[in-house]
Amino acid sequence: MFDFIIRNANLPDGRQGVDIGIAGEKIVAIEKALAATAGEEIDATGRLVSPPFVDPHFHMDATLSLGLPRMNVSGTLLEGIALWGELRPIVTKDELVERALRYCDLAVTQGLLFIRSHVDTSDPKLVTVEALLEVKDRVKPYIDLQLVAFPQDGYYRAKDGVDSLNRALDMGVDIVGGIPHFERTMDEGKLSVEALCRIAAERGLPVDMHCDETDDPMSRHIETLAAETIRHGLQGRVAGSHLTSMHSMDNYYVSKLIPLMAEAEINVIPNPLINIMLQGRHDTYPKRRGMTRVRELMAAGLNVSFGHDCVMDPWYSMGSGDMLEVGHMAVHVAQMAGIEDKKKIFDAVTVNSAKTMGLEGYGLEAGCKADLVILQAADVMEALRLKPNRLAVIKAGKVIARTAPRIGELFLDGRPASIDGGRDYVPKI
């Protein structure tokens, strides 16, 4: 009856000591003491088994390009954009493909099997689009890659920006993107949101827009995005990424804005690592954190998911492809340290992000796809604290990556011989 069974697993919803039965590429049973055998079994030994991690906001065309053609000396968003503008005209398709594939290798070892990447359409040659479409096809057996047509230099601001974005969509890019706060004027930003939502409605595509990635409290394109979402009947199919201006907005205005966003069913995608690194650069002290109002947006019922955004590129010199690193930072910067808070943070890098990407068959229930990750942690709280090793990564019922447990050896008289990850020193309650 079963091809694969994972025994003695803990699940993110708190269930403990359950067995997961897999037949073919589907989960067919989740219960205690599953009375069956299988061709392959793994004993999870009371460790956390999760659906794979999901990154709904990334820039795969720029990843691993750190230092090309030079380093971002100021560390600012604007210098990063300028740097990418220098690299983009000289980068080759083969270089883009090679770096993206290397990043996908890393992602698999981290249990990250679903990625939405923005692809810059500002250069009319569209080498970036050609490269990422090839990567999407090549990684299809192990990573679901969605692509967003992203006019990095502005839909109206960039020369041939309108035509280039339309051609990218004609080539097979999945999603309509935008960056209204980078247009020359606030009015042109508003017009770009209106035009891009209209294109999405006409083509039957989702929208994912870099929106108000600024400290300016008057950058209010998310209001236009929500209104246009309702106007075109795009509810649930639109994402507003970053939204950092909300950290600077007047509270009264936000009390009007959040219900509008909820009415439009906007998917919200903060990027904790990059937002707190790049925002607040013009502040002395007090210095703004740079992340949007996560707790308030969640409380209003909006679907909030976290993105990694960048790994070793012109904007961010760090990163590891680990969505638990993203969640770990979110716990701190959003000040969400409670047990229920941490469960919500974990959801934001798994099930919420899956909803943002519209993934079908994702989850940990009978009938879902057999895509799973076994972590060296007992529960969600421990996973966010430790960012543990992924002991096994399973795609369509097959193990596609393994990492050995992190075991620390001790050579101390009268003390244990080893420490297992984190479970051997947790508080005794």
query: For region 142-164, what are the residues that are in contact (Cβ under 8 Å) with a residue 40 or more places away in the chain and over 23 Å from the mean Cα position of the chain (by Cα)?
result: TYR155, GLY161, SER164
message: Of everything in region 145-176, what is surrounded by fewer than 22 Cβ atoms within 10 Å (Cβ to Cβ) and part of a strand (DSSP E or B)? Give them in sequence order.
response: GLN146
query: Among the residues of region 386-397 satisfying the criterion of being closer than 19 Å to VAL326 by Cβ and in a loop (DSSP other than H, G, I, E, B), which is most open to solvent (accessible area, probe 1.4 Å)?
result: LYS387
query: Has region 102-116 got at least one residue that is within 15 Å of TRP84 (Cβ to Cβ) and either assigned to a helix (DSSP H, G or I) or open to solvent by less than 30 Å² (accessible area, probe 1.4 Å) (or both)?
result: no
query: What number of residues within region 81-101 are of a type in the set (Gly, Ala, Ser) and crowded, with 21+ Cβ neighbours inside 10 Å?
result: 1
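Which one is most open to solvent (accessible area, probe 1.4 Å) among residues in region 177-208 that are in a loop (DSSP other than H, G, I, E, B) and of a type in the set (Val, Ile, Thr)? Even if it seems obvious, please write down each step before you answer.
Looking only at region 177-208, we keep the residues that are in a loop (DSSP other than H, G, I, E, B), and these are 179, 183-185, 204-206.
The next check asks that each one be of a type in the set (Val, Ile, Thr); those that pass are 179, 185.
On the way: ILE179: 7, THR185: 67 Å².
Per the stated criteria, the residue is THR185.
This table checks each residue for (1) part of a helix (DSSP H, G or I); (2) buried (at least 17 other Cβ atoms within 10 Å of the Cβ); (3) on the phi > 0 side of the Ramachandran plot.
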position	(1), (2), (3)
HIS328	yes, yes, no
VAL331	yes, yes, no
ALA354	yes, yes, no
GLU360	no, no, no
ILE374	no, yes, no
LEU384	yes, yes, no
GLY414	no, no, yes
task: Give region 165-198 a look and list any residue that's under 18 Å from LEU234 (Cβ atoms) and either free of Cβ contacts under 8 Å to residues at least 24 places away in the same chain or of a type in the set (Lys, Arg) (or both), or say none.
output: LYS190, ARG198
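Yes/no matrix, rows are residues, columns are (1) over 20 Å from the mean Cα position of the chain (by Cα); (2) among the aromatic types (Phe, Trp, Tyr); (3) part of a loop (DSSP other than H, G, I, E, B):
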position	(1), (2), (3)
MET218	yes, no, yes
LEU225	yes, no, no
ALA239	no, no, no
ILE258	yes, no, no
GLY280	yes, no, yes
THR284	yes, no, yes
ARG295	no, no, no
PHE306	no, yes, yes
task: Select from region 123-144 the residues that are open to solvent by 10 Å² or more (accessible area, probe 1.4 Å), touching a Leu at 6+ places or on another chain (Cβ under 9 Å) and part of a loop (DSSP other than H, G, I, E, B) and list them in ascending order.
output: TYR142
field: strands (runs of 3 or more DSSP E) fully within region 13-77 counting 3 or more residues that are buried (at least 18 other Cβ atoms within 10 Å of the Cβ) and within 19 Å of the chain's Cα centre (by Cα)
entry: 53-58
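So which residues in region 1-12 are part of a strand (DSSP E or B) and open to solvent by less than 30 Å² (accessible area, probe 1.4 Å)?
The answer is PHE2, PHE4, ILE5, ILE6, ALA9, ASN10.
The values are calculated or read from the model by the stated rules, or taken from the named source; none is laboratory data. Source: prediction; values computed, not measured. When we count neighbours, we look across all protein chains shown, and the Cβ atoms used for this are built from the backbone with ideal geometry, even at glycine. Surface areas here come from the heavy atoms of the whole protein model, side chains and all, with no ligands, DNA or RNA. Shrake-Rupley method; radii C 1.70, N 1.55, O 1.52, S 1.80 Å.
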